[in-house]
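Shown below is the structure under consideration.
Since every read-out is calculated from the coordinates, none of them should be taken as a lab result. A quick note: this is a predicted structure, and the numbers were derived from the prediction, not measured. Cβ placement follows ideal geometry from the backbone for every residue including glycine, while neighbour counts extend to all protein chains displayed.
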Amino acid sequence: MQKNDAAANAFGIIGTLCWTLQLLPQIWKSYREKSTKGLSANLVLLWGLVGIPLGIYNTIQGNGVILVVQPQVFGVLCIISWAQCQYYDRRRSVAWCAWALAIIFALFVGLEAGIIFALRPPYERGERSADIALRFFSVLASVMLALALVDQYVEIWRHRAVVGVSLAFIFVDMMGGVFCDLSLAFQGQFDPWAGVAYTLVTVMDAVVLIAAMILNPRARRRKRRQQDADAERRSGSISLSDNTAAQEARGKEPTVTPMEGTDEKDRVQPESA
């Protein structure tokens, strides 16, 4: 495709906005519900750490400022979502979560910056070992993205529905991958290594959305049937209790035993209770 810097930057900005804003619905959903049930903590942790190899690759490869910034923002928001998983579902303290965030962010910045400064000079000199190392980081990012979503697939299989995950988050994430691919396409020479990572995210996100469209209606029908069955059991239990109480009340009605020598017509009839 012919190089078009304006289109590459425009699609890159849109992709970055998608991958920046995508986690906000998920973070807000977890905060509002005070729960991250159904959201894989491994998913958001691995996605957060993907920012390291993807940031290294995009920075050294020179894929544009937008695609360099995008993994950093994406990684930070993913790690925040991971901290929510620790706080809401694993009952970690606020202090524990704050220390964990600080340590992870420090390692994130230090590791990425150190590798970039170490790898860029030999890569610019055209050394083969540096080129192989750069390809390794691209493949590593793709593998981490795939593994993260596989863990979410396990959560979907376990619940037989897509729960705990904001579908808006998944959809925007998918579109972020599409626009990042388009940004690469308009840079003149498509970078297949970076493209694999973005395309993999797009396809695997689409699988989650398709699973939600198929499994979530089934889960709602199962829930309604269960609620109807519970209501019928409660109704039957109440009716049985009422019948038992009525029978006991009838069994306690007072009777008067007629005295000897009393005619049948003179017998005192019992009054109703």
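Say we look at the stretch 142-168 and pick out the residues that are in contact with a Lys or Arg (Cβ under 8 Å, 6 or more places away or on another chain) and either among the aliphatic types (A, V, I, L, M) or assigned to a helix (DSSP H, G or I) (or both); which of these is surrounded by the most Cβ atoms within 10 Å (Cβ to Cβ)?
In this case the residue turns out to be 161.
This table checks each residue for (1) within 24 Å of residue 44 (Cα to Cα); (2) touching a residue at least 40 places away in the same chain (Cβ under 8 Å).
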position: 63; (1), (2): no, yes
position: 76; (1), (2): yes, no
position: 81; (1), (2): yes, yes
position: 87; (1), (2): yes, no
position: 104; (1), (2): yes, yes
position: 110; (1), (2): yes, no
position: 122; (1), (2): no, no
position: 127; (1), (2): no, no
position: 132; (1), (2): no, no
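Residue 91 passes all but one of (1) surrounded by fewer than 13 Cβ atoms within 10 Å (Cβ to Cβ); (2) assigned to a helix (DSSP H, G or I); which number fails?
(2)
Could I ask something else about it? Being surrounded by fewer than 18 Cβ atoms within 10 Å (Cβ to Cβ) and among the aromatic types (Phe, Trp, Tyr) is the requirement here; does residue 74 meet it?
No: the conditions fail for residue 74.
Since residue 132 meets every condition but one in (1) within 18 Å of residue 54 (Cβ to Cβ); (2) of a type in the set (A, V, I, L, M); (3) surrounded by 13 or more Cβ atoms within 10 Å (Cβ to Cβ), which condition does it not meet?
(3)
Here is a list: 35, 81. Which entry is in contact with a helix residue (DSSP H, G or I) (Cβ under 6 Å, 6 or more places away or on another chain), more than 22 Å from residue 199 (Cα to Cα), of a type in the set (Ser, Thr, Tyr) and not in a loop (DSSP other than H, G, I, E, B)?
The conditions single out 81.
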